[in-house]
Amino acid sequence: MAKTVDDFSLQNLLVDMDEDGITTVTLNRADKRNALNAETIEELIEVFSGLPRMGARAVVLRAEGTHFCAGLDLVEHHKEDRRPEEFMHVCLRWHEAFNKMEYGGVPVIAALKGAVVGGGLELASSAHIRVADQSTYFALPEGQRGLFTGGGATIRVADLVGKARMIDMMLTGRVYKQDEAISVGLAQYLVEDSEAKAYEIARAAATNPPLSNFAICSAISHMQNMSALDAAYAESVVAGIVNTQPASRGRLEAFANKTAARVRPE
Ligand code: 1HE
C-alpha cells in the first residue's frame, strides 16, 4: 500500500502534496477530455483511499485540458460490450471511488472548467465544494446516449439540484452554466479563475483542525443517510469528540480573552 503520494502508481491522474498538506489531484487524460475509463476509476480509489492517511489537509481536484470531465468513457463502454452484471460491477467501483472522496474526511474542492457532464458531474458532485469558471457547463446527457446515470447522480446530483431539475436535465439534455448553474446549486462559486479560487478555499479550510474537517467532510454526509433521530444522536457523539479536542482549546481561549477574530459581514 502506498505510504506517500510518490508511491502511487498512476497512468491517468497526477498527485502532488505540498509541505502544508495541500494536495492536487489532476485528471490527466485531456486527449480524451478526461473521460473516466475503468483504469481511472481504480486510480481514484487508490488515491482517495490513501490521501487521508498521508497527511492531506485539503485536496484540489483539477483537470488538464479545457474540459473538466466528459463522463463515462463511452468508447471503452462500447468496445467492452458489457453484460448487465458487468456494468453493475463497473458502477460499484465508481461508487467506491466517489464514496472515498465524499466520506474520506478531507475537504475536496473541485476546480471546474468546460464540460462537467454525465459521470463528470457525478465526480464533481462527490467533492465538498465546486468552483466554476465562465467556461464551465453542466449536463446529464445520459438519456440522449441511451444510458442512465451509474455513478451516484441519483443521490448526489438530485441532492444538489432537486429531483425535478435532475429529471429535466436527463430527459431533455438541458445544459446549465454561469449564474443559472450557481442559482440551481450545481456549484457554490463562479469566478474567473476556478483553480486559483479552489486553492484559496483549500488553504483556508486547511487552517481548521483536521478533526473538525474530518467531521465536516464525513459526518454531514453520513447523517444525511440517517433518520432524524439517529442523526441527532450521531451529531451529539461527533460534537462530543470534536468540540472537546485539544486543538480547540487555544482557539476558545483566544475568543474568551478577546484576541480572536470576530465574525463580521465584510
Ligand atoms: C471521449 C469522451 C467520452 C470525449 N468517452 N471518449 N458523456 C458524454 O456524452 C460527453 C461526450 N463528449 C462530448 O460531448 C465532447 O467530447 C466534449 C463536449 C466533452 C468535448 O468536445 P470536443 O469537441 O472538445 O472533443 P471531441 O472531439 O468530441 O473528443 C476528443 C476526443 O475525446 C475524442 O477521441 P479521439 O481519439 O477521437 O481524439 C473523443 O472520442 C474523446 N472523448 N468524450 C470516450 N465520454 C457511470 S454511468 C455515467 C454515464 C455517463 O457519463 S453518460 C455521459 C457521457
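Here, each number is a calculation from the coordinates, and none is a lab measurement. Predicted model, so just to flag it, every value in this text is computed and none were measured. Virtual Cβ from ideal backbone geometry, glycine too; neighbours counted across all protein chains shown.
What the table shows:
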item: Derived scalar couplings ³J(HN,Hα) [the range 32-38; Karplus, 6.51 cos²θ - 1.76 cosθ + 1.60; whole Hz; x for Gly, Pro]; result: 10, 6, 6, 4, 8, 8, 4
item: Cβ crowding within 10 Å averaged over residues, with 183-189, 259-265 ranked highest first; result: 183-189, 259-265
item: For the range 251-262, 3J(HN,Hα) per residue [Karplus equation, 6.51 cos²θ - 1.76 cosθ + 1.60, θ = phi - 60°, Hz, x = Gly/Pro]; result: 5, 5, 4, 4, 5, 5, 8, 6, 9, 7, 4, 8
item: The range 128-141 - phi-based ³J(HN,Hα) in whole Hz, Karplus 6.51/-1.76/1.60, Gly and Pro as x; result: 7, 9, 10, 10, 9, 10, 5, 8, 6, 9, 10, 7, 10, x
item: Within the range 108-266: Cβ-based charge dipole about Cα centre, in debye rounded to nearest 20 (Lys, Arg +1; Asp, Glu -1); result: 260 debye
item: Percent of alpha-carbon pairs separated by more than 24 Å within the range 1-126; result: 23 percent
item: Ranked LYS79, LYS197, criterion: other C-beta atoms within 10 Å, fewest first; result: LYS79, LYS197
item: Mean shadow area of the range 151-266, taken as a quarter of the surface of its Cα convex hull (nm²); result: 10.4 nm²
item: Restraint check, LYS100/LYS258; LYS100/LYS177; LYS113/LYS163, Cα-Cα greater than 32 Å; result: LYS100/LYS258
item: Rg to Rh quotient for the range 210-256, alpha carbon positions, Kirkwood Rh; result: 1.07
item: Alpha carbon convex hull of the chain, volume per residue in cubic angstrom; result: 155 Å³
item: Unit charges at the beta carbon, dipole of the range 81-210: most positive-side option, ALA153, PRO107, SER126; result: ALA153
item: Amide H partners (placed H, <5 Å) of VAL60, local residues excluded; result: THR23, THR24, VAL25, ILE109
item: Cα centre as origin, Lys/Arg/Asp/Glu Cβ charges: the range 5-206 dipole, Debye; result: 660 debye
item: Rounded Å value of the spacing that divides the Cα centres of the range 85-129 and the range 197-266; result: 24 Å
